[in-house]
Each structure stands twice: as C-alpha cells, then as structure tokens.
1. Could you list, in sequence order, all residues of the range 167-221 that are free of Cβ contacts under 8 Å to residues at least 60 places away in the same chain and among the hydroxyl-bearing types (S, T, Y)?
2. Using the structure shown, decide if L157 is buried (at least 16 other Cβ atoms within 10 Å of the Cβ) and within 18 Å of R135 (Cα to Cα).
3. Quick check on my filter: what residues within the range 250-269 are more than 14 Å from the ligand (Cβ to nearest atom) and under 14 Å from the mean Cα position of the chain (by Cα)?
4. Being open to solvent by 10 Å² or more (accessible area, probe 1.4 Å) and closer than 18 Å to A68 by Cβ: is that true of D246 here?
5. So how many residues does the range 160-188 have that are more than 16 Å from the ligand (Cβ to nearest atom) and surrounded by 22 or more Cβ atoms within 10 Å (Cβ to Cβ)?
6. Of all strands (runs of 3 or more DSSP E) completely enclosed by the range 184-265, which ones contain at least 2 residues that are farther than 16 Å from G156 by Cα?
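The values are calculated or read from the model by the stated rules, or taken from the named source; none is laboratory data. Given the structure is predicted, the values throughout are model-derived calculations rather than measurements. In this analysis, Cβ positions are derived from the backbone assuming ideal geometry, glycine residues included, and neighbour counts consider all displayed protein chains. Areas reflect the complete protein model, heavy atoms only, side chains present, ligands, DNA and RNA absent. Shrake-Rupley method; radii C 1.70, N 1.55, O 1.52, S 1.80 Å.
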Amino acid sequence: MASSSGSQAVAGAAAAPAANSRAKNGAFLLACAALLAGGGCLAWQQLRADPWLQGYRVVKEYHHDPGAYCQGLVFDDGVLHESTGRNGESSVRTVELETGKVLHKTDLPYEYFGEGLAQVGDRLIQITWKEQVARIYDKNTLTALDQFQYEGEGWGLAFDGTNLVMSNGSPVLVFRDPKTFKEVRRVTVKMKGAPLEELNELEVVEGEVWANVWKRDYIARIDPKTGEVVGVVDLAGIFDRSSIDDTDAVLNGIAYDPKAKRLFVTGKLWPKLFEIEVVPK
Ligand SMILES: [Ca+2]
C-alpha cells in the first residue's frame, strides 16, 4: 500500500541514508552551474559526493489543477489545502486528494499575491509575497476571519506544532508565535557551511523542516535548531516542465501526512501531484 511504503520512505529519510550517491548526471551539472552564479558551487560540489543525497520513487500520481500556481500545500485528513499565487489568480482552496476536485475556494483581492500556507488547529494562515499581510481562515469553510501584519516578504510557511516557521527568499527561517505572528527566534540555513538562499515552500516532516529552493529540483532537509541542511532529496526528472509554456512552472509544494507518513509534492501550474517515497541514490 502507499501508506506502508511511504512509512518506510520517511523512516529511511530520518535515519542515515545509504551511501553510493552518484552525481554524474546533467541535473547536477546544471544545478552546479546555477549555484555558481550565486557563489554556492563549492557547497554543491561537496554535496555531490555526500552519502546523504537522496533520490525518490513515485508511489502514486494525482490530478493537480494546471491553473494553480502552487505556493503552499498542506495535508489535512484526506484533503489538501493549497495557496495559489499571482495577482488576480491568488486563492486558498481545499482539494480532494484522490480526485483533485476543488471542494472550497476563496479568491484573494487582486492586490494580494498568495504565498505560503500553514494549518494551526481549525485555522489556516496564508502569507502574501509583498503585501506584509497574513490572512487567517476557518479551515472548513475558508471564510476569512482575521489577519496579521508583518514586515518583509513572505515566501513559505509551515507549523511545527508549537511555532510557525516562515521563509522570505533569504537563507533565514523565522519562527513565529501562531497566536500573534510575533517573531520567536530565527535561524540561518546553511548547506555545507554556505548560506542557502531562496528557501521557498516549507513543510515540517518528522521534526525536520523541508524546503523547496526556488528554481531548484531538490528539497533541502533542515535541522530547525541549527539551520544545518542534513539531507537533500533530488527530484530531478519527476516532471517535464518543458511541457508548460511558463518559466515560472517550477517545483514548489510539499505536504506531509504524519499518520500514514505519506509525502506529496507538486509544482506551480503542474497538472500532476505526486506521492513520493524517498530512496537512496
Ligand atoms: Ca507545505
């Protein structure tokens, strides 16, 4: 079953992954070239030989709305809550996992560009890119209830059971009180000693913070206490982005089902959502 294989996958992810990472493919060279522009190639070169580089296996494919510019993804007892972005196209929606059917949807006013999404109890909190507003919804009806204000950009958001964790495009993760949105603490994320820029959509997975990195085909697994990247899941090849005529259609969107230990990933404007198992490379 999907759930049992997913369980093994996450157990494997949390434990020491197997060795034999093989890095001689085009994806790595492209990633290295991209990182070189940001000064991070040395870290990636070190990473190429590191045994904690992991791969994936697709367990199941689901429908995803190809009009949904995914910015935030949350699993909640058989449904997914999703935040979408772009002015005039931003929304928060609840989608049936098995069918992709949109059960509820609330559109944002044109001036808001939706970003990360997190669930705290019966509420959903959705941040915005540059509007410095976090909108609060009833998770069952998607009725807007209230809002918080904050400073700076908003990219990704997740809830670790105590605090919200938020990214803003920099290497810094900010932890916030879910009742007030006030900053509790912050940590700088580093991969092999180098700050990891452009952290995007987030998910808390078995105590780690997992992050999409903008325009990269991998997920960084982050120790929330130290900010150290403790593993990388390489998702190169999971979806042919060239089939979409939009350069923004990158990997973005991680959701975790902690009961069945299932992992779901998708991308902006992707027609598919994938349940994946993390495997050694
Ligand atoms: Ca997420």
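1. Selection gives S167, S170, T180, T188.
2. Here the answer is yes, as L157 does meet what is asked.
3. Matches in the range 250-269: V250 only.
4. Answer is yes for this residue.
5. Total meeting the criteria: 0.
6. 229-234
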